[in-house]
Amino acid sequence: MSLAHLLPGSLGFGTAPMGNMFRAIPEGEAQATLQAAWDQGIRYYDTAPFYGAGLAEIRLGELLSQQPRDSFVLSTKVGRVIHDEVEDPATRDLGEKGGLFEHGRPNKMTDDYSADATKRSIEDSLRRLNTDRLDIVWVHDIAQDFHGDRWLAQFETARTGAFRVLDDLRDQGVIKAWGLGVNRVEPVELTLALDEPRPDGFLLAGRYTLLDHRQALQRLLPAAQEQGVDMVVGGPYSSGVLAGGTHFEYQEAPAHILETVRRIRELAERHGVSVKAAALQFVLAHPATAAAIPGATRPSRIAEDLGALREEIPAAFWHDLRETGLLDPAAPLPAGA
């Protein structure tokens, strides 16, 4: 099923922060944030076992189990299995994302994209989420940033394992859609080039943003449009640096990124535009984008995101971004720009 037809709006909620990403979020604050998203009309929620070793799924399940199941769309991910035995979260090998969830649950996690692990992962997620079904399942982090030189071998395991299981589940009507949830363009390009199985879409985090969009525009997005495959944009604020934070790619932002953000902010201020609104409206302007799913750790952030969605941005701002080289000429602009 087309993601654009399946998703209930252009703004969803990404629950990575609910897994205690970067910091330990008090339970009350986490639930208040999720409740604020629900109360303000957010009806698409994305999560993953990886987020705090199941913590984000458990927290999300507390909210969603109180709502009618047909009133929201839910996606989670496969590729990592959570075990009962524990380990020190700070010592996990997470490739380029070391220490990301060291405040999450201590349960041991193993990477496994095989058919059996995919089935087990889905069963475990259903239990943690306290729900009877999933709408979308993404194959998670099957890329260079987590697996280094082993990523192609892991991709091959997924192609003959997870991909086929999810294809069958979709064909049986157990799930409505599946695809990849990654931070790199290469695995998506590789998947789009396969004759089978056929994904319905992909969740691309951080690779189509104001700060980083040129590579995705070259091959990936034209191929996706040609095949009618939609995109959910994760990390529209580039891990927070476009929303006033200091993280980029889940780490402290380097100097050259901070300089680019400064230039964008300078232009935004000149036009009376908030950078957050520009970041969100930019990713949604691409015709392949079905939704964006910023995360949040405080209830107030939800209203900010909804405000950013509605903010009026003058066409001159976008044209100045292009003129200064901050925006690729091939990037589609919001309507009216």
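The values are calculated or read from the model by the stated rules, or taken from the named source; none is laboratory data. All of these numbers come straight from a predicted model, not from anything done at the bench. Note: ideal-geometry Cβ built from the backbone for every residue, glycine included; neighbour counts use all protein chains shown. Just so you know, the surface numbers come from the protein's heavy atoms only, side chains and all, with ligands and any DNA or RNA stripped out. Shrake-Rupley method; radii C 1.70, N 1.55, O 1.52, S 1.80 Å.
A177 passes every criterion in (1) without any contact (Cβ under 8 Å) to a residue 60 or more places away in the chain; (2) buried (at least 17 other Cβ atoms within 10 Å of the Cβ); (3) not polar (S, T, N, Q) apart from (1). Scanning for something touching a residue at least 60 places away in the same chain (Cβ under 8 Å) and within 18 Å of the chain's Cα centre (by Cα), does the range 187-200 turn up at least one residue? Yes: one or more hits.
Would you check which residues across the range 109-143 are polar (S, T, N, Q) and within 16 Å of F50 (Cβ to Cβ) and list them? Once the filter is applied, which keeps residues that are polar (S, T, N, Q) and within 16 Å of F50 (Cβ to Cβ), the range 109-143 yields T110, T118, S121, S125.
For I136, the conditions (1) touching a Gly at 6+ places or on another chain (Cβ under 8 Å); (2) farther than 25 Å from Y44 by Cα all hold with the exception of (2).
For the range 186-196, check the following and say yes or no: at least one residue is of a type outside the set (D, E, K, R), more than 17 Å from D46 (Cβ to Cβ), open to solvent by less than 60 Å² (accessible area, probe 1.4 Å) and touching a strand residue (DSSP E or B) at 6+ places or on another chain (Cβ under 7 Å). Within the range 186-196, one or more residues are of a type outside the set (D, E, K, R), more than 17 Å from D46 (Cβ to Cβ), open to solvent by less than 60 Å² (accessible area, probe 1.4 Å) and touching a strand residue (DSSP E or B) at 6+ places or on another chain (Cβ under 7 Å).
Take the residues in the range 144-164 that are among the small types (G, A, S) and within 23 Å of E196 (Cβ to Cβ); name whichever of them is most open to solvent (accessible area, probe 1.4 Å). Break it down into steps so the answer makes sense when it comes.
Initial filter on the range 144-164 (among the small types (G, A, S)): 148, 153, 158, 161-162.
Then keep just the ones that are within 23 Å of E196 (Cβ to Cβ); that gives 153, 158, 161-162.
Working: A153: 67, A158: 0, G161: 4, A162: 1 Å².
Ranking the candidates gives A153 first.
Name the one entry in P299, P314, P236, P294 that is touching a residue at least 40 places away in the same chain (Cβ under 8 Å), surrounded by fewer than 22 Cβ atoms within 10 Å (Cβ to Cβ), closer than 30 Å to I136 by Cα and not polar (S, T, N, Q). Step through it out loud before you land on a result.
On the way: P314 fails: closer than 30 Å to I136 by Cα; P236 fails: surrounded by fewer than 22 Cβ atoms within 10 Å (Cβ to Cβ); P294 fails: surrounded by fewer than 22 Cβ atoms within 10 Å (Cβ to Cβ).
Answer to the selection: P299.
Taken over the range 11-30, the criterion of being buried (at least 17 other Cβ atoms within 10 Å of the Cβ) and either closer than 13 Å to A292 by Cβ or not polar (S, T, N, Q) (or both) is satisfied by L11, G12, F13, G14, A16, P17, M18, G19, M21, F22, I25, A30.
If you go through the range 31-56 and keep only what is assigned to a loop (DSSP other than H, G, I, E, B), surrounded by fewer than 21 Cβ atoms within 10 Å (Cβ to Cβ) and over 16 Å from the mean Cα position of the chain (by Cα), you end up with Q40, G41.
Which residues, taken from the range 282-331, are among the polar types (S, T, N, Q) and farther than 28 Å from P222 by Cβ? Walk me through it before giving the result.
First, pick out the residues of the range 282-331 that are among the polar types (S, T, N, Q): 289, 297, 300, 324.
Matches in the range 282-331: T297, S300.
For D195, the requirement of being over 30 Å from T118 (Cα atoms), out of contact with any Cys (no Cβ under 8 Å at 6 or more places or on another chain) and not in a helix (DSSP H, G or I) is not met.
Looking only at the range 242-252, count every residue that is buried (at least 24 other Cβ atoms within 10 Å of the Cβ) and under 15 Å from F282 (Cβ atoms) and tell me the total. So that I can check it myself, show each step before the final result.
Pass one, the range 242-252, residues buried (at least 24 other Cβ atoms within 10 Å of the Cβ): 242, 248.
If we keep only those that are under 15 Å from F282 (Cβ atoms) too, we end up with 242.
Total satisfying the criteria: 1.
Sub-7 Å Cβ pairs linking a first residue in the range 150-163 that is closer than 15 Å to V188 by Cα to a second residue that is polar (S, T, N, Q) and part of a helix (DSSP H, G or I), at least 6 apart or interchain, are W151/Q144; A162/T118, ordered by first then second residue. M1 meets all of the listed conditions (1) in a loop (DSSP other than H, G, I, E, B); (2) under 30 Å from G148 (Cα atoms); (3) at pLDDT below 95 but one, namely (2). Residues of the range 111-143 that are open to solvent by less than 50 Å² (accessible area, probe 1.4 Å), of a type outside the set (D, E, K, R) and either modelled with pLDDT under 95 or more than 17 Å from F202 (Cα to Cα) (or both): S114, A115, A117, T118, S121, I122, S125, L126, L129, T131.
In the set R59, R92, R105, which member is of a type in the set (K, R) and buried (at least 21 other Cβ atoms within 10 Å of the Cβ)? Matching residue, one of R59, R92, R105: R59. Consider the range 198-225 and keep the residues that are among the small types (G, A, S) and within 27 Å of L169 (Cβ to Cβ). The one that is surrounded by the fewest Cβ atoms within 10 Å (Cβ to Cβ) is A223.
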